[in-house]
Amino acid sequence: MEAVVIYESMFGNTAEIARAVSEGLAEQVDVRTVEVSSTPPGDDVLGADLIVIGGPTHAFGMSRLASREEAAGRRPGSPVVERGIREWLDALADDASGRFGATFDTRVKTVKHLPGSAARAADRVVRRRGLSPADSPHSFYVEGMEGPLCPGEVERAREWGRELGRTALLARQSTS
């Protein structure tokens, strides 16, 4: 069984969570970790049995070009990421049936009770594209807009990766 973790990260926090999720998954399945702007949605990614997608929450949802420009402006000289998970998912084919999907985001801890989440928004798209949910959307918390990650979040992400791997293996076995 193969999994791929695709992520978008502005300040490195989501990338760190993606690596931790991949480490947990790697205990159960073969896994690749890919930054979203470096891979188009295509057969090499869709060949995976489990697709895990994560990004930062911007304005209560997935980032847009304007929100990525604003975030890049917080750190002079930071490049603007042209394609985030929103654009990647928009380009994903509608028939990804037979595969599993899971989504995660990073978000500021102080606003965790406010509505909206990149993970929940991405989950809706993933389901419309035909991926079966491997788990509910997960959020991992940062201290401020730019981070750092809150204590314990990396280990929590690693454990979630382990759980995803076990869940996907069991689901794959039941469909075989």
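Just one of 61, 24 is modelled with pLDDT of 95 or more, buried (at least 17 other Cβ atoms within 10 Å of the Cβ) and of a type outside the set (D, E, K, R); which is it? None of the other options fit; the residue is 24. If you go through segment 136-155 and keep only what is of a type in the set (Asp, Glu) and open to solvent by 50 Å² or more (accessible area, probe 1.4 Å), you end up with 143, 146, 155. Within segment 1-47, the set of residues being within 23 Å of residue 58 (Cα to Cα), among the acidic types (Asp, Glu) and part of a helix (DSSP H, G or I) comprises 16 only. Note on segment 99-135: among residues that are surrounded by 15 or more Cβ atoms within 10 Å (Cβ to Cβ) and polar (S, T, N, Q), the one that is nearest to residue 56 (Cα to Cα) is 106. Within segment 128-140, residues that are under 12 Å from residue 164 (Cα atoms) sit with their Cβ atoms under 6 Å from residues that are open to solvent by 40 Å² or more (accessible area, probe 1.4 Å), at 6+ positions apart or across chains, in these pairs: 134/167; 137/120. Scanning segment 141-176 for residues that are in contact (Cβ under 8 Å) with a residue 60 or more places away in the chain and aromatic (Phe, Trp, Tyr) gives a single hit, 160. Working only within segment 78-98, note down all residues that are at pLDDT 80 or above and open to solvent by less than 30 Å² (accessible area, probe 1.4 Å). Once the filter is applied, which keeps residues that are at pLDDT 80 or above and open to solvent by less than 30 Å² (accessible area, probe 1.4 Å), segment 78-98 yields 84, 85, 88, 89.
The values are calculated or read from the model by the stated rules, or taken from the named source; none is laboratory data. Everything quoted here is computed from the prediction, not taken from an experiment. In this analysis, Cβ positions are derived from the backbone assuming ideal geometry, glycine residues included, and neighbour counts consider all displayed protein chains. All accessible areas refer to the heavy atoms of the entire protein, side chains included, with ligands and DNA or RNA removed. Shrake-Rupley method; radii C 1.70, N 1.55, O 1.52, S 1.80 Å.
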